[in-house]
Structures are given as structure tokens and as C-alpha cells.
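Below is one structure, written out as C-alpha cells; the observations come after it.
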Amino acid sequence: MTDSPTTPAPSGRVPAIDVRGLRKSFGKNEVLKGIDFHVDPGQVVCVIGPSGSGKSTLLRCVNRLEEPNAGQVLVEGIDITDPETDLDAVRSRIGMVFQQFNLFPHMTVLKNLTIAQRGVKKRSKAEAVEVARANLAKVGLADREDAYPTHLSGGQQQRVAIARALSMDPDMMLFDEPTSALDPELVGDVLAVMRDLANEGMTMMVVTHEMGFAREVGDKLVFMDGGVIVEEGLPADVLANPRNERTQSFLSKVL
Ligand code: ADP
Ligand code: MG
């Protein structure tokens, strides 16, 4: 059997995300040194590791916000490193949430949620508003649609950012340290929304320092250091019994 992009995983499913031999350099600095891993549909994969280990770069390569130097990134079987691939079509299946919420400050919450639906999804105004309201309700912010982002707490802004991503009907969500910029008392509400999403079966890749979330919600935990995956496994196993010395050292500092 050939190893074509559409070869199903052993589970019989094409992985949602399949990264093979991924390398990425900035100038002479190689920050991803051959990354192989996959995320199955419906799986929640959490990625941990020290600052500078390449976590954000990896996430950004998955929707080609960064261009890999070598290797393949397949999204639902489609090679996004192939110049022939319609990148916009693939990207429209991937929702992304950043540490800094990246909302449009001069637009109301509702407008933040409808603008891309109108432009990219070509939805009517009525439909875009209906989808936006459903997603605002989902993140517990049904009553804030007329607010401007600056009048919301960081936690509320991040939940708006999640609702905005969901309004595009993504097949999967990428989160890059979604709670790292939040005051500690606001973290829980955002994690609760992410947990609900996971329970609904959303495919998720989450870079996080929230080990409780990783343990309870994650199906797989990946530890990165120095541009390589040092260790991966069931979150409870990796957290309780890290096999690699570098994983042990990192966890001893954060747990
Ligand atoms: P992490 O998210 O794990 O903290 P990053 O992926 O952000 O790590 O960064 C990994 C390395 O790549 C760091 O050394 C960082 O300085 C470097 N890097 C990231 N983005 C760029 C860029 N756009 N230009 C140059 N160097 C970069
Ligand atoms: Mg980062």
C-alpha cells in the first residue's frame, strides 16, 4: 500500500492533522527539527514545553501562517505545503485562537463575529447574526453583543474570540496559549468553554501551560523542547511518569 495523503489512519479515519518530518528555520536558527505527529478527528492534543521550544511555530505551520522548509502538513488528507492546494479553502476549516485575542477594537462584539462570515462565507446578514448569537450564547456572552472589546474583561474577550472562530464552522480549532494573558481568576471561564467544545467532539490542538486542563481534557500530551517532540503519550501518564529527563525537569518547574 502506498503512503498517499488519503491513506486512512489505523482507526480507519484520515487524521485531522498529520505532520510529517516538519522542519522550519528562521535564518540560521532551525526551530523545528523534524516533527512527526497527528491529531485524529475528535481528539484533543495538548502541547507543552519551555518558551522558545517551537510550539507556536508548529501551530502556525499547521495553517501555513509559517511556511515550512521541509516536510508535510496534511489537513484532512490535503497537503497544505503543496503549491497547488487552495490554502483559503483549507484555512476556512481551521479556527485559530491566539494568546492576544486579536479582536477588532472599533467593532462591536456582534460585528466582530459577523464580518468574516459575511466576507468569507458569503452569508446573509440575517444568517450571520443568527450564527453569531448562537455562538455568543455558547460562550456565555449572549448579553454582550453590543459591547466593544475594550469594555470586556480579558476572559470575555477571549470567549468572544472563540465564538468568532466557531462562527466560521471550523472542523478543528488551534489554540495558542489562550489563557496565558489572562488574570488568574478569568482563566477558568475560558477553560470551561474549551472543555465544552472538547466534549462536543471538536478536534483541538492546544498549546497550554494549564496542566489540569491537559490532564482532564486532553487525549494526548506532547512535550516539545528545542524544536523536537521529546515525549508524547496519555496526559496522565506523561504528567505522572515522565520518561525523559527533559520532560521531568520541565514538569518539576511547572507542576
Ligand atoms: P514557543 O511558542 O514554544 O515559545 P516559538 O515557536 O514562538 O516558541 O519560537 C521558537 C523559536 O523561533 C524562538 O527562538 C523564536 O525566537 C524563533 N522565532 C519564532 N518566530 C520567529 C520569526 N518570525 N522570526 C525569527 N525567529 C522566530
Ligand atoms: Mg508560543
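The values are calculated or read from the model by the stated rules, or taken from the named source; none is laboratory data. Only a predicted model underlies this, so the values are computations on that prediction, with no experimental measurement involved. Note: ideal-geometry Cβ built from the backbone for every residue, glycine included; neighbour counts use all protein chains shown. Just so you know, the surface numbers come from the protein's heavy atoms only, side chains and all, with ligands and any DNA or RNA stripped out. Shrake-Rupley method; radii C 1.70, N 1.55, O 1.52, S 1.80 Å.
Scanning segment 44-77 for residues that are among the polar types (S, T, N, Q) and either open to solvent by 40 Å² or more (accessible area, probe 1.4 Å) or at pLDDT below 95 (or both) yields 51, 56, 63, 69, 72. When we screen 115, 80 for residues that are among the β-branched types (Val, Ile, Thr) and open to solvent by 30 Å² or more (accessible area, probe 1.4 Å), the only hit is 115. When each of 86, 36 is tested for being within 24 Å of residue 246 (Cβ to Cβ), more than 11 Å from ligand 2 (Cβ to nearest atom) and open to solvent by 40 Å² or more (accessible area, probe 1.4 Å), the lone residue that passes is 36. For the criterion of being within 16 Å of ligand 2 (Cβ to nearest atom), of a type in the set (D, E, K, R) and touching a strand residue (DSSP E or B) at 6+ places or on another chain (Cβ under 8 Å), residue 66 passes. Among the residues of segment 224-239, not a single one is of a type outside the set (A, V, I, L, M, F, W, C) and within 14 Å of the chain's Cα centre (by Cα).
In segment 118-139, the residue that is surrounded by the most Cβ atoms within 10 Å (Cβ to Cβ) out of those that are charged (D, E, K, R) and free of Cβ contacts under 8 Å to residues at least 40 places away in the same chain is 123.
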